Every structure is written in C-alpha cells, then in structure tokens.
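Q: I have a structure here, written as structure tokens, and I will follow up with some questions on it.
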Amino acid sequence: MRIDIQMIGTGSAFAKNYYNNNALVACNGYKLMIDFGITAPLAMHRLGLPLDVIDGVFITHLHADHIGGFEELMLRLRFHYGKKPQLFIEGRLIEPFWEYSLRGGLEFGAEERQTLDQFFDVVPLSVGKPHEIVPGFRMEILPTKHFRDMPSYCVILNDELFYSGDTVFDPELIRSVHERNCTYLLHDCQLDGHGLVHATLQELLTLPESIQQKIWLMHYGDNMESYIGKTGPMKFLLQHETYSFPVSAPATAD
Ligand SMILES: O=c1ccn([C@@H]2O[C@@H]3COP(=O)(O)O[C@H]3[C@H]2O)c(=O)[nH]1
Ligand SMILES: [Zn+2]
Ligand SMILES: [Zn+2]
C-alpha cells in the first residue's frame, strides 16, 4: 500500500515564495490534512483543491503557519459545504485552540454559544496511543521540543512515515524513529541562522548518513534554491508536488 502526500506548501512561517508547510495525506481512501496555516486556503485554491476534499485535519501545534487558515476552513466547510470533518488534536491543545485562536472570529456576535464540535468531530489524541483513522491508516503522535513550553507534536503514519511538525534539532527523537524502522523522515529545516525553534541544516548534516538518506526537508525559507546540492543525501520536498511513499499495512490495532 502507499501513503500519498501532497505538499500544499513547504515554507517557513514567514516565507513569501512558499506557502505554509502544510500537507494533504491520502491513504486508503481517506484525506488527512496536516496543519492548515494562514496561506493554506489560497494554496488549496491555486491547486484546484476544494476544501471539502478534506476528511480530517491534524494539528501539530498552535502557531499561525499551522492553524491560521482554520477560520476560513471551518466557516466554508460548515456553511458552504455542510461538511463536518474530523479534527485530530492532542487533548491539551483543544481548549487553547478554540478559546485563544478561533472563538473571537467564529462566535463573537453570534446569537448562540458556538463550540468546536459544531464544526468538527473532535478526536482527542494522546501520546503513546496510536489511533486508527480508517482501517489500514494509523497515526501516532509524539511530543516535540519547539518553543519553550508550547505543546507541539510530530506524527508517525503507519509506523513508517515520520512528519516532524516544528521541532528543534532532537537527535534522540530522530534516532528513536530511525530505530523503530521509520522509512521516511519528513523534517522541518532552517537553512541558515541559529536553530532556536527549528532544526538547522548544519545540525541535520551531523546525523549519520544512514539517517540522512531517509530525510526529506521541508518548512524552509525563501532561499531554498541556493541550498540545492548542499544538503548531503537529504532531499527537499517541493511545494505542490505529490509524493507517493510505499508502506506496509500497519499491524492490527489492539
Ligand atoms: O523565539 C522565537 C519564537 C518564534 N520565532 C519565529 O516565529 C515563528 C513561528 O512559527 P514557526 O514556529 O514556524 O517559526 C517561528 C520563528 O520563525 C522566532 O524566530 N523566535
Ligand atoms: Zn512552523
Ligand atoms: Zn511553530
């Protein structure tokens, strides 16, 4: 079987040549959006993808390049398409996501109190508890170290494809997913400067070659092209491209 990933964008938070680093994953007939940032509605439009192709959305963390497109997504899906997708979100993020990031635009002035579950079937996720989205398509989240104590999560799909979300360079995390036989590591990458909240290219280049060969770089800045040929065996994911990753069917969920 395969996991197909279309990169809706591959840019860092403030990149202007690239849309926000968000990805549309297709597996076993289900389409899962990973993050939906400020630029995601425009990127989807440019790709000719109507918002109702999305069956579910997973949120890695609450920075706007990962969630800034939700107001439009929620209003259009509910009132234009009449669709209520699933929302996969770590339990601790649910309240701040609704109360701090969305409620002002989605409830203010409404006659009745609005709640997140009017827009989504909310599926709370927990670290260490893999979740079967549909038969044969499984996700598992792990915490990442991103910005101070802000909760943020990476995701492993079908035990084989690791998607970092946003994280500082965390060799222990990378080695652990390598050792549990993840075949593909999609990793955010800051090409220059200090890696205060992201892994830098220089840091990723210190990993053993056997790990670098599995790494696909994403969430990069506007100067990506000047780094082509300077990433060792690591490859860049390209915006709007679809990548088809062969995977094994996951072991049956318990
Ligand atoms: O201490 C800080 C906190 C944040 N930032 C910027 O804000 C951005 C938020 O989205 P991001 O997590 O993709 O990237 C972050 C950085 O670009 C920073 O440079 N230093
Ligand atoms: Zn980001
Ligand atoms: Zn972030």
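What follows is calculated from the coordinates using simple rules that are stated; it is not laboratory data. Note that the structure is a prediction, hence the values are computed from the model and not measured. Methodologically, a virtual Cβ is constructed for each residue, glycine included, from the backbone with ideal geometry; neighbour enumeration extends over all protein chains shown.
Q: Alpha carbon centre of region 38-85 versus region 233-249: separation in Å?
A: Cα centroid of region 38-85 versus Cα centroid of region 233-249: 22 Å apart.
Q: If you don't mind, another one. Given the options Thr242, Thr167, Thr115, state which has the largest fluctuation in a GNM of the chain using a 10 Å cut-off (strictly under) for Cα springs.
A: Thr115
Q: Anyone know which of Pro50, Pro208, Pro233 comes out most mobile in the 10 Å Cα GNM of the chain?
A: Pro208
Q: Compute the distance in nm between two label points, each set 7 Å from the Cα along the Cα-to-Cβ direction, one at Val122 and one at Thr183.
A: Taking the two extended label points, one gets 3.6 nm.
Q: While we're here: At 7 Å along the Cα-to-beta-carbon direction for both Arg175 and Leu47, put a label point, then send me their distance in nm to one decimal.
A: So the two model labels end up 3.5 nm from each other.
Q: With +1 on each Lys and Arg Cβ and -1 on each Asp and Glu Cβ, how big is the dipole of region 2-246 about its Cα centre, in debye rounded to the nearest 20?
A: 320 debye
Q: Can I ask one more? Over the chain, with a Gaussian network built from C-alpha contacts below 10 Å, which listed residue (Asn20, Asn28, Asn158) shows the highest mean-square fluctuation?
A: Per the Cα network of the chain with a 10 Å cutoff, Asn28 tops the list.
Q: Could you give me the ³J(HN,Hα) list for region 47-59, computed from phi with Karplus coefficients 6.51, -1.76, 1.60 and θ = phi - 60°, whole Hz, x at Gly and Pro?
A: For region 47-59, the Karplus-derived couplings read 7, x, 9, x, 5, 7, 6, 6, 8, x, 10, 10, 9 Hz, x marking Gly and Pro.
Q: Same structure again: Charges only on Cβ, +1 for Lys and Arg, -1 for Asp and Glu: so what's the dipole of region 155-254 about the Cα centre, in debye to the nearest 20?
A: Approximately 220 debye in magnitude.
Q: What is the pair-distance distribution P(r) of the chain, computed from all Cα-Cα distances in 5 Å bins starting at 0, with each bin given as a whole percent?
A: Calculated over all Cα pairs of the chain, the distribution is 1, 6, 14, 19, 20, 18, 12, 6, 3, 1, 0, 0 percent.
Q: Right, here's the next one. Using 0.36 nm per residue of separation minus the Cα-Cα distance, give me the extension gain between Ser226 and Leu196 in nm, one decimal. Let's see the in-between values first.
A: Details: separation 30, 0.36 × 30 = 10.80 nm, distance 2.19 nm.
Full-extension gain reported as 8.6 nm.
Q: Another question, then. Using a 10 Å cut-off on Cβ atoms, rank the peptides 95-101, 34-40 from the highest mean neighbour count down.
A: The peptides rank, most packed first, as 34-40, 95-101.
Q: Mind checking which lysines have their C-alpha under 30 Å from Lys31, skipping anything on the same chain fewer than 8 residues away?
A: Lys16, Lys83, Lys84, Lys129, Lys145, Lys214, Lys235
Q: Right, here's the next one. Report the calculated FRET efficiency for Glu241 and Arg103 (r = Cβ-Cβ distance, R0 = 35 Å), to the nearest 0.05. Walk me through the numbers before you get to the answer.
A: Working: r = 36 Å, r/R0 = 1.01.
The formula returns an efficiency of 0.50 here.
Q: Same structure, new question: In deg cm²/dmol, rounded to 500, what helix-only [θ] at 222 nm does the chain give when every DSSP H run of at least 4 residues adds -39500 (n - 2.57) and the total is split over its residues?
A: Per the formula, -4000 deg cm²/dmol.
Q: What is the gain in length, in nm to one decimal, between Tyr81 and Ile94 on full extension, counting 0.36 nm per residue of separation less the C-alpha to C-alpha distance?
A: 2.3 nm
Q: Sequence gap at least 6, Cα distance under 8 Å: using those rules, report the relative contact order of region 2-246 to the nearest whole percent.
A: Worked out over region 2-246, it gives 20 percent.
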